[in-house]
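Just so you know, all these numbers are worked out from the coordinates, no wet-lab data involved. What you see is a predicted model; the values in this text were computed from it and never measured. FYI the Cβ positions are ideal-geometry reconstructions off the backbone, even for glycines, and counts take in every protein chain you see.
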Amino acid sequence: MPIKNLNSNDLKQDEDWEGNNAAFTCPLCHKVFIVSDTRMHIGPQKEKGYRKCPICAKSVGRISGGRKSGGTASIEW
């Protein structure tokens with residue numbers, strides 16, 4: 001699966017990251033969706049900070065920690 005890591009210092013037009021919440025644009029169906037590090041989503045290990053695209057379910061957004069505190073955010077498809 002391809003993966004794109006968000007750069008907290010260089011966010012693109014189709015992504016956003018504030019605190020421990022990130023917005024991604026699905027590379028496959030172009031749906032914008034939000035992922036939160038504090039919310040429980042149904043991931044492989046029922047981990048938080050994980051969410052599949054709500055339209056096509058073919059991409060996965062992940063976030064861990066905050067943008068200004070060394071966190072990570074990525075989308076894979």
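Some notes on this structure:
- A Cβ-based charge dipole, computed about the Cα centre of the chain with Lys and Arg at +1 and Asp and Glu at -1, lands at about 260 debye.
- At q = 0.28 Å⁻¹, base-10 log of I(q)/I(0) for the stretch 7-77 (Debye sum, equal scatterers on each alpha carbon): -1.32
- Using θ = phi - 60° in the Karplus curve 6.51 cos²θ - 1.76 cosθ + 1.60, the 3J(HN,Hα) couplings for the stretch 17-30 round to 8, 10, x, 9, 10, 10, 10, 10, 10, 4, x, 9, 10, 6 Hz; x is entered for Gly and Pro.
- Nitroxide proxy distance, nm - points 7 Å out along Cα→Cβ at ASN5 and SER74: 0.7 nm
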